[in-house]
Structures are given as C-alpha cells and as structure tokens.
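The values are calculated or read from the model by the stated rules, or taken from the named source; none is laboratory data. For clarity, every value in this text was computed on a predicted model and none was experimentally measured. Using ideal geometry, Cβ is built from the backbone for each residue, glycine included, and neighbour counts are taken over all protein chains shown. Remember, those area values only see protein heavy atoms, side chains included, never the ligands or the DNA or RNA. Shrake-Rupley method; radii C 1.70, N 1.55, O 1.52, S 1.80 Å.
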Amino acid sequence: MQHPLWKIGEIRHQLSMIDGKTSPDKIIVNATYLHSVLKKWVEGNIWIAKDRIVYAGPDMPVQTTDAEIIDANGQVIVPGYIEPHVHPFQLYHPQSFADYAAQLGTTTFLSDNLILFLLLKNKKAFTLLDQLNELPFSFYWWARFDSQTELENEDELFTTKSIGEWLERPEVLMGGELTAWPRLLAGDDQMLYWLQSAKTKGKKVEAHLPGASDKTLARMKLLGSDGDHEAMTVEEVERRLLHGYAVTLRHSSIRPDLPHLLKGIVEKGLDVFDHLMMTTDGSTPSFHIDGVMDKCIQVALDAGVKPIDAYQMASYNVARYYNMTSLHGFIATGRLASLNFLENERNPVPVSVLSKGEWLKRDGKQVQQLPTIDWSVLGDLELPFDLHDGDFQFSMPFGIEMVNDVITKPYSVSIHTGESSLSSDHDESYLMLIDRDGKWRVNTMIKGFATSVQGFASSYSNTGDIILIGKNHKDMLVAFNEMKRMKGGIVLVEHGEVIAHIPLAIGGGLSNEKVEDLIERELFLKKALNERGYTHGDAIYTLLFLQSTHLPYVRITQRGIYDVMKKSVLFPSFMRS
C-alpha cells in the first residue's frame, strides 16, 4: 500500500493519546502477544484508536476514561491471519467467504481478480473493490495477464490499458498468477511488458509452475517471477528457494500437499520457515468446514513446526513479502488493529477476533457479520434461448477422458452415441458446452466422470458458459431448464426429478447464501454424485477446469475442443441454428 490510510487530523488525534490528552478507544491490558520481529512472546498493553494500534508496549495511557478495557490475561494474541492466494469466487463470493474466514481468524485476503475482469468493465469492478474496502476486513488483489482458457475475445479483454488500470490500484499487490507462462518462454513480449509494468509499480509477480525443471525456474526468474505456489515435493520447495523464489505451500481441496511438505521440511532440518507462506488456494466450500488459515497453521503445528514459525507463515511472512508490514502481520505501533485472541499457542482458532479495530467475534461467539455489498452489478443470468433436439447431436470420433479431478486427455469413442440415452455399464457420458448467449455449442463425450449421472447442468464454469453432462438427453434438458429457471446454478436430475441443486443467483456463478449453508449444499451434491459413480475428489473443480488450458492435455473451450500441448483447435465449436 503506497497511500496512507489515515488523514492528518486522524494522525494528530492518535498522537494526542500518546501525549496523554485523549483516551484510546480500546486498551488491551495484560496482553501476551507475538512480536513478529523479535520472534518471541512479549507482555504489555495495546492501545487502539478506531482501526489503528497507536501504541504497543509496557505503558498504560494517561487518559483511559473513554476506553473499552479488554483484559487478555490467560490468552495469547497473534496478528490476524493473511490468506495470500485466494480465488474468492468458488461458489461463494469475496464478502461471504471473508465473513466466514474472519470468524476463524483470517482477516486479510490477497485475491484473484479473474472473474471481475472477465465479467465487468473495470469501472464497475472498481466500484466493488471500493465497497469491499469499507468493510472491517482487508481485501487485496492480483491482476491477471491471461484467462487460463481459450476465449473468443481474449485479445479484446487483456489489453495494456485494461491491465494497466488494475495495476494502478493501490490494493493490487501482484501480477499473475501466470498460467500462460509458456507464452513468455515462447517470446510473447506483450506479456513481458505487462510483467515489467507490474514490477515498475512495485508489484510482485506470481508464477504457476507445476513440475517446473531447474532451467524453467531460472528462465522464469529472469523474466520477472517472484514467487510460486506449485511445489508438490520437498525437493521442489528446495529448488524454488535455490533460485530465490518466495514459496507458498498449498493445502487445497485438489492438492492437500501441506502436511507432507512440512513434515519433510522438518525431517530434513531445513531452517527455511522465515521464507515460506501457506495457502488454501481457492478451495471449494466444504474443504473449509474445519478452517481457513487456522487450518493451515494447525497442519504446521501437527507437522512439528514451532508455533511462532507456524503463525509467522500465516501473517508476518506474507506481509513482509508484499511490503505490508507497516499495516499487517505485526502487533506494533502504527499497524492495523487486526488481532486474534487465542486460548493458547497450540490452538489457532481464535476465541475473539478484532479486525481493523472492530469486534467480529467475542468469547467464542460471532458479534458482527460483515455488511453485505451490492452484487447486482454482476447481473442476473438470463439465458435468451431454449435447447431443442438438434442440440443433442454427439458424433465426434473422440472425447475427453478424466485422469483425475482436473487432468483430462483425449480418448477414442467406441460406443454408439446416436441414442438418447446411454447404459450405466460404462463411465462414458454426453458432454456439452453452450454459449451463455446461445450462439454456439461444443458437443463431445466425457469418460470417467460418472457411471450413472443422468442429467447434470451447471452455469458455474471457467467462463460462465453452460456445461451439460449426462447419460440421458431428457434428464440433461430437465437439468438445463431448472438451472435456467433458477437464473443460475448447479442441478442434478434423475428420471425427470431434481435430486440436488445449488442456486447461484449472482451472475449465474455465485451463491448469495452464507458459506455455512453453501457447505451443506455442496456436501449433499457431492454425496449424490458419488452415489452415481463420480469417484474423484472435487466435482466443483472438475466443472471449473474442464475449460482450463493451463492444464494438460485436451480441453473443451469456447473455440472448440482444444489440444493444450499443440496449442490448436482439434474440432471447432458449432454455431447453433
């Protein structure tokens, strides 16, 4: 943050508290708190004026008459946790996920802007950022340089002007994540210019380098990459550190790598914890049933990481890397008053949470919800078309086979696809991607999704287009019509009846429900899918990544069936009549 948060009059008022002329708003007495630079627990008193710590040390203020006195005896206090790599549009939206996370001590997000960038003009997107900035929670962002799929109009969206406007925002701290890094290595100077522009403005650049070789890491470092969150082994962690990368360890619904990574680091005696961060990397709602960054800290503690190192990885290390220690990750004079009160250092779930000087949780109970903001700028999903029999034509010679939740490869279709229904004796199903405006469609087969899902429709996807999967044309149509009636959602249908559904009323991709309720809906849907032969770990990510061309080997996109390795369209999309 290059710009001051406090006006001259506010700073003078804060100084008057040090001078003994006025009283702080809150005084935390008998505080045992983590000092992030000394890396030890210190004792003292913390004075707070609105959202700012005006003093942290041994003294008490002269004036106390107007202050709320909080006795922290018997507790320990740590900085509010920072999630450094949030994809805040995984059915939930930024405000609802922040409200949930804050009750568990996470009071700061650094978030992906992709959905806002794709769906809104910058001016409208920035109105949402302005509204979020007013909440008692800290929101920061990164600026995408690529869409991670094949869009019909990508060149119109990703321009120097549009990306530059995001990079000018003070709450944008990072460029990336660079899922299209092969373009950089292949000589894309426009993207390199965007990286250089980010660096010129003091932003970090986050790479996306799963399985990267030593030389690839070196090349990307020369091109401007600062950090990466894709290490899957201890050796990959060491390799990134060797090249000077900031390393964020991942614990997500599709890559729960954190336990074995930390265990390996501890066993090897690597003294690198000052250079590590942690993330849940955009996990789907049900993964968070037992926490957000508190969950990562608990994993670290269970792996044998020293408590202070564990807390620093979720607070000070992030703030230091992103040049935010003047505000975050540090309980000291001048910082934002975002504090977690813990029973003890072994339990990272806070008893009480103070975020930007406001109580969100006291003595184990939520005392304030984050105010809702106006998401109507994202609009409603009004599908201006109906499906007809002609749309259900599946004659491609090959389809898409799921290797796991997110990796897909081509396969030769051997079954007869001219019937309106398929047998449940195999795991091949019909797959359609339909333009949300009804202009085009892509029809193919998908193998390995499920054995007996009859009709499944989703407006939740990488691009906001419509995904249909199923064994039965009629049930697929019923699922589509129900999803259309709800103005967005995920719908599972069998024998003409809706079995499970998740309404996504905000733009067709986001729920307006609380995360706690969304978790229950997602768990019910996943159970129903599992009962019908879905054997992978995360069906929501399957929907998201069917179009994602940063993953191998073949994808279904707006342009058609796309070969990721050859960077070519194998079969184009069909224009609908």
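Note on the range 13-64: residues that are more than 32 Å from the chain's Cα centre (by Cα) and either modelled with pLDDT under 95 or among the small types (Gly, Ala, Ser) (or both) amount to 7. Collect the residues in the range 449-459 that are part of a loop (DSSP other than H, G, I, E, B) and either closer than 14 Å to LEU114 by Cβ or open to solvent by less than 10 Å² (accessible area, probe 1.4 Å) (or both), keeping them in residue-number order. Across the range 449-459, the qualifying residues are PHE449, ALA450, VAL453, SER459.
Going through LYS215, LYS221, LYS199 one at a time, which residue ends up being open to solvent by 50 Å² or more (accessible area, probe 1.4 Å), at pLDDT 95 or above and either closer than 20 Å to ASP112 by Cα or in a strand (DSSP E or B) (or both)?
From the options LYS215, LYS221, LYS199, the qualifying one is LYS199.
Just one of the listed residues (GLY269, GLY291, GLY304, GLY329) is touching an Asp or Glu at 6+ places or on another chain (Cβ under 9 Å) and on the phi > 0 side of the Ramachandran plot, and it is GLY304.
Collect the residues in the range 498-540 that are part of a helix (DSSP H, G or I), over 30 Å from PRO371 (Cβ atoms) and open to solvent by less than 20 Å² (accessible area, probe 1.4 Å), keeping them in residue-number order.
Scanning the range 498-540 gives ALA528, LEU529, ALA539.
If you go through the range 379-412 and pick out every residue that is crowded, with 18+ Cβ neighbours inside 10 Å, in contact with a strand residue (DSSP E or B) (Cβ under 9 Å, 6 or more places away or on another chain) and β-branched (Val, Ile, Thr), you end up with 2.
Can you tell me which residues in the range 138-160 are open to solvent by 10 Å² or more (accessible area, probe 1.4 Å), of a type in the set (S, T, N, Q) and assigned to a loop (DSSP other than H, G, I, E, B)? Within the range 138-160, GLN148, ASN153, THR159 qualify.
Among the residues of the range 173-190, those that are farther than 20 Å from HIS85 by Cα and either touching a strand residue (DSSP E or B) at 6+ places or on another chain (Cβ under 8 Å) or assigned to a loop (DSSP other than H, G, I, E, B) (or both) comprise LEU184, ALA186, GLY187, ASP188.
Where residues in the range 43-61 are more than 24 Å from LYS7 (Cβ to Cβ) and either of a type in the set (S, T, N, Q) or outside any strand (DSSP E or B) (or both), which of them is least open to solvent (accessible area, probe 1.4 Å)?
The selected residue is ASN45.
The sole residue among MET278, MET191 that is open to solvent by less than 50 Å² (accessible area, probe 1.4 Å) and farther than 21 Å from MET565 by Cβ is MET278. Residues in the range 222-252 that are farther than 11 Å from LEU209 by Cα and under 24 Å from the mean Cα position of the chain (by Cα): 14 in all. For the range 161-179, the criterion of being buried (at least 18 other Cβ atoms within 10 Å of the Cβ) and over 20 Å from the mean Cα position of the chain (by Cα) is satisfied by no residue at all. If you take the residues of the range 304-338 that are assigned to a loop (DSSP other than H, G, I, E, B), open to solvent by less than 30 Å² (accessible area, probe 1.4 Å) and not hydrophobic (A, V, I, L, M, F, W, C), which of them is farthest from SER138 (Cα to Cα)? Out of the qualifying residues, it is GLY334.
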